[in-house]
C-alpha cells in the first residue's frame with residue numbers, strides 16, 4: 001500500500017509539477033528563482049504530509065493551488081516579521097531594466113486585476129499547456145464555458161493594458 | 001478594429017482562439033486569409049499574440065522546474081529516508097540494512113568529496129539508494145546515495161533512481177541498465193523515463209535499445225526493453241521510432257512496441273475509444289539519418305500553411321542557416337487535436 005501511494009504521488013508530481021511551479025512563480029513574481037525552487041519543494045512536502053487524507057475529495061489542481069497559496073503566505077508572513085525594511089529595497093530594485101521584463105510586469109499587473117478563478121484558468125492553460133477541453137475536464141466545466149471565460153478575460157486584459165498593446 | 005465595421009464582426013474572438021490554437025484547420029485558414037487582407041485585424045492579432053507570449057512568460061519560467069526532493073543536501077535526504085523507513089511497516093526487517101545504508105552513504109559522500117577528480121567534467125548527478133557504475137556492465141562498482149556522473153558512464157539502478165543533468169532527467173526503474181551520453185542514451189535492459197526539458201532539443205538526440213532506435217524532440221517518454229521487445233510511450237512532444245523500412249511517428253499519448261525482428265507497431269491505447277492510426281512516413285533505410293525532415297504531412301490531414309502571420313515557437317541557429325519551429329494544429333479524423341512540429345529553413 002505504501003508503494004501504491006508513492007506511485008500515485010509520483011504521478012501527481014509528474015503531472016502537476018509545472019502547475020505548482022507556475023503558481024509559486026506567479027504569486028512571488030519578483031522573488032529570485034531560488035526562492036521559487038525552495039517554496040516549490042515546500043509545497044510538495046506539505047502535499048505529501050497530507051496525502052493520505054487527500055483521497056481526491058477535491059480536484060487535484062484546486063487542492064494544490066490552495067496549498068501553494070498558503071505556503072507562499074506563510075513565507076511572506078515569516079519574512080515580514082524578520083525584516084520589514086527589505087521590502088522597500090525589493091520595490092526599488094531596478095529589475096525591470098530589460099524591456100521584456102517591463103512588458104511582463106505590465107501584463108502581470110493586468111493578470112493581478114483578474115479574479116482568482118480567472119487566474120487559475122490561465123495557470124492551467126500556460127503551465128500545463130492545456131486546451132479548453134482539458135481545462136474543462138480539470139475543473140468540471142464545459143469546454144464552451146472555459147472558452148467563453150478565456151475569451152472574456154483576454155479582452156479584459158487587453159482593455160486594461162490600453163496603450164501597451 | 002472599430003473602424004473596419006461589420007466585415008470584422010466576431011473576428012476578435014476568432015483571433016484570440018487562433019492564438020490559443022483552439023480553431024480547426026479550416027477556421028485557421030479562414031482567419032489567416034482574413035488577416036492578410038485586413039490591417040486592423042492583423043494589428044489585433046499581433047497584439048493578442050504579444051499578450052499571449054508575455055502572459056505565458058509570467059507563469060512559465062525559462063529555467064527548469066526542479067525535480068522534487070532532489071535539490072536538497074544529502075544529509076537532509078538521508079533524514080527524510082529515515083523518516084520514510086520508520087513509517088514503513090517493513091521497518092523492523094530493514095533497520096539493519098538502513099544502518100548499513102547510512103554508513104555507506106556517509107562514507108561514500110565524504111570519500112566522494114575527498115577524491116573528486118578535477119579532470120573529469122561532471123555530466124550529471126544520480127540519486128538512488130543503491131546503484132552500480134562502470135564503463136561496462138561486467139565491471140561495475142556499487143554506490144549509495146548521490147553520485148556525480150561523468151559522460152559515457154553506464155549505470156545500473158538497484159532501486160528507483162534519478163539521473164539529473166542540465167538538459168534532461170532520466171528516471172531508472174529498479175534493474176534498469178543504461179549508458180548516458182549527452183546526445184544518446186543506450187538502454188541495455190529495464191525501464192527508464194526520459195524528460196528532455198532543455199528547449200530546443202537537438203534534432204538527433206537518440207535513445208537506443210538492442211533492437212530499436214528512437215529520436216526525440218522536446219519530449220517526455222518512457223522506454224523499456226524486456227525479453228527482446230522495446231516498448232515506447234510518449235507523454236509529451238513527438239518521437240520517431242525507426243522500424244523496418246521506415247519510421248513510426250508518435251505523438252503525446254501514443255505508444256509503440258518494437259519486436260525482436262525490428263518490426264514496430266503502435267500499442268493499443270489505455271482509453272477505450274478507438275484512435276485513428278498514427279501515420280507512418282515511409283523512408284529509405286534510416287542508417288545515419290536523424291529525424292530532421294519535418295515535411296508537411298501527406299496523410300488525410302488538412303493543408304498546412306506557414307506564412308508571415310504564423311509565429312514560430314522556437315528558433316535554432318545553425319551556421320548561417322536559421323531553422324524555425326512551427327507548432328501547427330491539425331484537424332485529425334476525430335476530435336483529437338494533434339500538434340505536429342514543422343521546421344522551415346531560412347538563409
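Since every read-out is calculated from the coordinates, none of them should be taken as a lab result. Model, not experiment: these values are computed from the prediction. When we count neighbours, we look across all protein chains shown, and the Cβ atoms used for this are built from the backbone with ideal geometry, even at glycine.
The table that follows gives values for the structure above.
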read-out	value
Dimensions (Å) - the range A:94-165, Cα atoms, principal axes, largest first	42, 23, 17
Distance from the range B:180-237 to the range A:119-136 (C-alpha centre basis), Å	28 Å
Per-pair calculated FRET efficiency, R0 = 30 Å: residue A:134 and residue B:122 via Cβ, rounded to 0.05	0.20
Whole-number percent relative contact order across the range A:94-165, with pairs defined as alpha carbons under 8 Å at least 6 apart	27 percent
Cβ-based exposure ranking for A:47, B:215, A:73, B:197, in which fewest neighbours within 10 Å come first	A:73, B:197, A:47, B:215
Cβ-based exposure ranking for B:266, B:214, in which fewest neighbours within 10 Å come first	B:266, B:214
Computed FRET value (nearest 0.05) for residue A:105 with residue A:73, which takes r as the C-beta separation and R₀ as 25 Å	0.70
Overall form of the range B:2-59 per C-alpha gyration tensor (a/c, 1.5; a/b vs b/c)	oblate
Whole-number percent relative contact order across the range B:2-59, with pairs defined as alpha carbons under 8 Å at least 6 apart	37 percent
Exposure proxy order (Cβ contacts within 10 Å, fewest to most) of B:227, A:144	B:227, A:144
